[in-house]
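Encoded as structure tokens, the structure appears first; notes follow it.
Read-outs: derived from the displayed coordinates by stated rules, not from any lab. For clarity, every value in this text was computed on a predicted model and none was experimentally measured. Here the Cβ positions follow ideal geometry from the backbone for every residue, glycine too, while neighbour counts run over all protein chains shown.
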Amino acid sequence: MSANFSSDITKKNVPMKEKPRLSLVQIITMSFGFLGIQFGFALQNGNTSRILRSFGADVDQLPMFWIVAPLVGMIVQPIIGHYSDKTWNKVGRRKPYFLAGAILSSIALFILPNSGNFTSILPALWIGAGMVMIMDASFNVAMEPFRALVADNLPHSQSTSGFSIQTFLIGLGAVAGSALPEFLASRGFSMQAGSDGVADNIKYSFYIGGIVFIVSILITVFFSKEYPPAEYESYHGKDESTSSGLKGIFNDFKNMPKTMRQLGLVQFFSWFALFSMWVFTTDAVATHVYGLTGDYSKSIQYNDAGNKVSSAFGVYNFVAMIYALCIPFIAKFIGRKMTHAFSLIAGGLGLISIYFIKDTNMLNFAMIGVGLAWASILAMPYVILSSSIPPGKLGIYMGIFNFFITCPQIINGFLGGWIVKHIYNGQPIYAIVLAGVFMLCAAVSVIYVYDPRAKQKL
């Protein structure tokens, strides 16, 4: 049914003319807000676990707190995608969502590390978990329309380059966000947890992140263009679907293209692995490399392990930033699917290698492979997907595609902590090894995905 639906929609909505090619500056400006979004995500990914641990969370409880993020994303992204497809006002089509998400995200970045100051209202752990939820909901409001904006504005001949440049900016923001806590510590900001449970180097990193987030979004809002409705229809055709609201979302979900369904398995393995990496790496390094035992969550050694992991995450984001620029050229020679498969294999081997590390400096080498996988995960599934989406459905299908990102994280959130506690005997390093195995499974899965433009110019 989905194949017929896609075919019918495409026939009814054949674009009247080809979209004009954009300059490099236009593509960068259009995607610049992603730099700030990923700056915030990097701070969240590298530091949320240790912040929650400092507020009293046990290591096996961490996935249950992290699960809030994908749950919120599963709800928010399809709704934002659906309504951004239908929106047009003085600010634009996708831009109102960028702006609202940026304001809310910046507020959450300021509040999260100060959750310990609100203990008169609720325990710090619950305030922190609530801020994680608000932060991730706001990130999703700002982030989801960016994928659709690239597909809105770029001709197919520039889609791989466009998503690769977007990934480059994602990497640039993530490198800065990941490196910031250790950089501030080296400049004299305290790594010792204060009376509220959070060290100064973490607090000020989040403050800076809030400022970078909103400034980068404003650059996209003020300096990029969107096609007004009449011109948009001349490039994409008219959306003749009659369903709206939740009914429209459910209909689109039921009729998703074949390629999207197949990519779902690839995304499941990829994002299950990434969730484990973000949640457990700090404690895996603290216990497996530093040898910490007992109640170590407020020790300087644990904070040092956290800084090393955050910096190593900066390495994988730096590698992703550079590799993103190479992806279009590699894909021309070996194809989109093989490019993604190769990158995922590198990521899987990188994660598995962490088990053999005895020196934290070697983490940086492990993260090289992860960086190749991360760049490809942020670009290639969307490049393949954008070629199979019916015109007029870019926002909603990019939102629905997020289900295949959030579902594996939710499953991991429910099961990951229990597995670490009861099967791995409290050793989170094995969760990282399993993440590597799942990344290799993703590499095998992508080979069987149907790419409708595999033989066309990238």
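Data overview
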read-out: At R0 = 35 Å, FRET efficiency that the Cβ-Cβ distance of Tyr204 and Tyr355 yields, to 0.05; value: 0.55
read-out: Estimated FRET transfer efficiency (Ile322, Val444; beta-carbon r; R0 25 Å; 0.05); value: 0.45
read-out: Taking Lys332, Lys95, Lys421 and counting other C-beta atoms within 10 Å, the order from fewest to most; value: Lys332, Lys421, Lys95
read-out: HN-Hα J in Hz across region 198-214 - Karplus 6.51, -1.76, 1.60, θ = phi - 60°, x for Gly and Pro; value: 10, 6, 4, 4, 6, 4, 6, 4, 5, 4, 4, x, x, 5, 4, 4, 6
read-out: Gained length - Lys332 relative to Ser157, 0.36 nm times residue gap less alpha-carbon distance; value: 61.8 nm
read-out: Whole-Hz ³J(HN,Hα) from phi, Karplus 6.51 cos²θ - 1.76 cosθ + 1.60, for region 317-331, glycine and proline x; value: 6, 5, 4, 4, 4, 6, 5, 4, 6, 8, 4, x, 6, 5, 5
read-out: Cα-Cα over 19 Å, subset of Lys308/Lys358; Lys19/Lys225; Lys86/Lys225; Lys90/Lys225; Lys358/Lys421; Lys17/Lys332; value: Lys358/Lys421; Lys17/Lys332
read-out: Fewest-first ranking of Arg94, Arg336, Arg261, using other Cβ atoms within 10 Å as the exposure measure; value: Arg261, Arg336, Arg94
read-out: Order of Tyr316, Tyr235, Tyr382 - criterion: other Cβ atoms within 10 Å of each residue's Cβ, fewest first; value: Tyr235, Tyr382, Tyr316
read-out: Prolate/oblate/rounded label for region 299-419 (Cα gyration tensor, a/c 1.5); value: oblate
read-out: Cα shape, region 408-447, gyration tensor, a/c 1.5 rule; value: oblate
